[in-house]
1. Please list the equivalent ellipsoid semi-axes of region 34-121, computed as the square roots of five times the alpha-carbon gyration tensor eigenvalues, in descending order and whole angstrom.
2. Mind giving me the FRET efficiency for Lys122 and Lys23? R0 is 22 Å, r the Cβ-Cβ distance, nearest 0.05 is fine.
3. Which order results if His35, His2 are arranged by neighbouring Cβ count within 10 Å, fewest first?
4. Highest GNM mean-square fluctuation, the chain, Cα pairs closer than 10 Å: which of Ala45, Ala135, Ala88?
5. Can you pull out the chymotrypsin sites (Phe, Trp or Tyr not before Pro) in region 1-94 whose DSSP state is coil and whose Cβ has at most 10 other Cβ atoms within 10 Å?
6. To the nearest 500 deg cm²/dmol, what mean residue ellipticity at 222 nm is calculated for the chain from DSSP H runs of n ≥ 4 alone, each contributing -39,500 (n - 2.57), summed and divided by the residues?
7. I need the Debye-formula profile for region 3-149: one equal scatterer per C-alpha, no solvent, reported as log10 I(q)/I(0) at q = 0.14, 0.15, 0.18, 0.21 1/Å, two decimals.
8. What are the residues whose amide H is under 5 Å from the amide H of Gln104, where those residues sit 5 or more places off or on another chain and H is modelled from the backbone?
Amino acid sequence: MHAKEFLQTKGKFTKLLGIDYGKKYVGFASCDPLHISVYSVNIIANNNELLHNFIVDFCSKESVSCIVLGFPFNDSTDNSPFQDEILAFNKGLETLISVPIYLQDESFSTVEAGEIMRIQGKKKKQRSEKGKKDAIAACVILRRFFEENQ
């Protein structure tokens, strides 16, 4: 099912989970059931077992209807090693949960997250804290998903 159709039917009035998958840290974001506000949920060091446990628990406790996974789309026909890593992570998730997973372009989401932190008045030291940008980047990815599919 296409993302737009999903949001208009099964995804209506439900929570979603946004994921910014990074090499060191993975940021998570969610939303209210009306899809009005998006907020950061957690930051976890990139460890598949920890990540899988958190995602399964969160999806169950929060009745998440789908996952939006950031993916660095590009014009090349060949995937980069990092793209392959994200696709492998996605494949692993598909075996653990039954909710659909949508790939969303994450281009410049971390840059945008840094700008959001700067606008919020965060000092340079706060903006460089490990993983902080990843959680906000997950919010950016989830917000883009709504903007592109509503």
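We did not get these values from a lab; they are worked out from the coordinates using the rules stated. In this text the structure is predicted, and so the values were computed from the model without any measurement. Positions of Cβ are backbone-derived with ideal geometry, glycine not excepted, and every protein chain shown enters the neighbour counts.
1. On the way: eigenvalues 95, 85, 34 Å².
Computed over region 34-121, the values are 22, 21, 13 Å.
2. On the way: r = 23 Å, r/R0 = 1.03.
Efficiency for this residue pair is about 0.45.
3. Values: His35 19, His2 9.
Ordered by Cβ neighbours within 10 Å, fewest first: His2, His35.
4. Looking only at Ala45, Ala135, Ala88, the largest GNM fluctuation is found for Ala88.
5. Details: sites: Phe6, Phe13, Tyr21, Tyr25, Phe28, Tyr39, Phe54, Phe58, Phe73, Phe82, Phe89; in loops: Phe13, Phe73.
Qualifying residues, ordered by number: Phe13.
6. Values: 6 runs with 69 residues, N = 150.
One gets -14000 deg cm²/dmol as the mean residue ellipticity at 222 nm.
7. Rounded to two decimals, the profile gives -0.63, -0.73, -1.05, -1.40.
8. For Gln104, whose amide H was placed from the backbone, the distant partners under 5 Å are Leu69, Gly70, Phe71.
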